[in-house]
Amino acid sequence: MTDTDWLIRVEDLHKRFHVRREKAPSIKRMIVRLLRPYPHEILWALRGVNLTISPGHIVGLIGSNGSGKSTLLRVIGGVYVPTTGRVSVAGHVGVLFELESGFHGELSGMDNILLSGALMGYGRKAIQEALPRVLEISGLADFVNVPVKAYSSGMKFRLGFGIAMAFDPPIVLVDEVLAAADEGFQRSAYRRLEQCRDNGAAVVIVSHEMEAVRKHCDRVVWLADGQIRSEGPTEQVLDEYLRWVNHSPQKPGARSSGHS
Ligand SMILES: Nc1ncnc2c1ncn2[C@@H]1O[C@H](COP(=O)(O)OP(=O)(O)OP(=O)(O)O)[C@@H](O)[C@H]1O
Ligand SMILES: [Mg+2]
């Protein structure tokens, strides 16, 4: 599929966010705040992540809430820029991050397909060729002229999945949304992801559903507090993760480190 022996390479990636921790509002506070805004708190969502993903793998990205999974996927997908470090991808990336994002509710499914294709950088010819495939994969032919705001969650997932897969991207990133699909479509979605893998793609799936990860992923990366805690064959990393889950207090969020 490509000339490289990797499709995704992440080198010493750090991602920092600035968050403002609001205190409960009061008139006095609001006036004081106008004069002197609260300082930003620095929050490190990713702290020195190194990861190489080769062709022909489905990788499960697991970890507790706030551990940095979506942030990592978004940096790989080009939505966020790294604060420091480097992310390289060898080819087009098909992404499926959130059901609501990326679609214009007032536009029909068809217009959203055309728009998404253009935003992903594909030309008119490639989009025209992909169109029947989006409809075939999503099973939404009967709804393609309906505004997307009238779609159910599962239908939005189908549309997003159809668009992400129709262009045969060598890299596919999926953040949790699979759970929105009904049982039948989930099965066919996983089958397609497996076909992609067999054709040499790299697929990364973020999931809290450990059984799905066990069944479909051949490698697992466990993120904890913005760092890779463990990485390796599925059974081994799931065992470590589930042992940790059973013995640790469960608190969400990344580590904050002072103010800016
Ligand atoms: N846009 C943002 N602005 C500020 N902080 C953010 C932003 N996005 C994520 N964070 C913070 O970064 C940390 C990692 O968030 P992230 O969404 O990557 O976690 P996650 O592992 O995907 O969690 P979940 O399982 O709940 O989806 C969290 O502490 C979160 O509060
Ligand atoms: Mg997330």
Worksheet item: Quick check, is Gly63 in contact with an Asp or Glu (Cβ under 9 Å, 6 or more places away or on another chain) and either closer than 19 Å to Leu7 by Cα or not aromatic (Phe, Trp, Tyr) (or both)?
Response: yes
Worksheet item: What are the residue pairs meeting all of these: first residue in segment 126-149, first residue free of Cβ contacts under 8 Å to residues at least 60 places away in the same chain, second residue of a type in the set (Val, Ile, Thr) and surrounded by 15 or more Cβ atoms within 10 Å (Cβ to Cβ), Cβ atoms under 6 Å, and 6 or more apart or on different chains?
Response: Val134/Ile113; Val134/Ile163
Response to the item:
Listed by first then second residue, the pairs whose first member lies in segment 153-182 and is free of Cβ contacts under 8 Å to residues at least 12 places away in the same chain and of a type outside the set (D, E, K, R), whose partner is part of a helix (DSSP H, G or I) and within 16 Å of ligand 2 (Cβ to nearest atom), with beta carbons under 9 Å and at least 6 positions apart or on separate chains, are none
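Residue-wise test of (1) within 12 Å of ligand 1 (Cβ to nearest atom); (2) aliphatic (A, V, I, L, M); (3) modelled with pLDDT under 95.
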residue: Val49; (1), (2), (3): yes, yes, no
residue: Gly56; (1), (2), (3): no, no, no
residue: Lys69; (1), (2), (3): yes, no, no
residue: Arg74; (1), (2), (3): yes, no, no
residue: Val79; (1), (2), (3): yes, yes, yes
residue: Gly91; (1), (2), (3): no, no, yes
residue: Gly94; (1), (2), (3): no, no, yes
residue: Leu107; (1), (2), (3): no, yes, no
Worksheet item: How about segment 45-80: which of its residues are in a helix (DSSP H, G or I) and more than 10 Å from ligand 2 (Cβ to nearest atom)?
Response: Val75, Ile76
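The values are calculated or read from the model by the stated rules, or taken from the named source; none is laboratory data. Just so you know, these numbers come straight off a predicted model, no measurement behind them. As a convention, Cβ positions derive from the backbone with ideal geometry for all residues, glycine included, and neighbour counts pool all protein chains shown.
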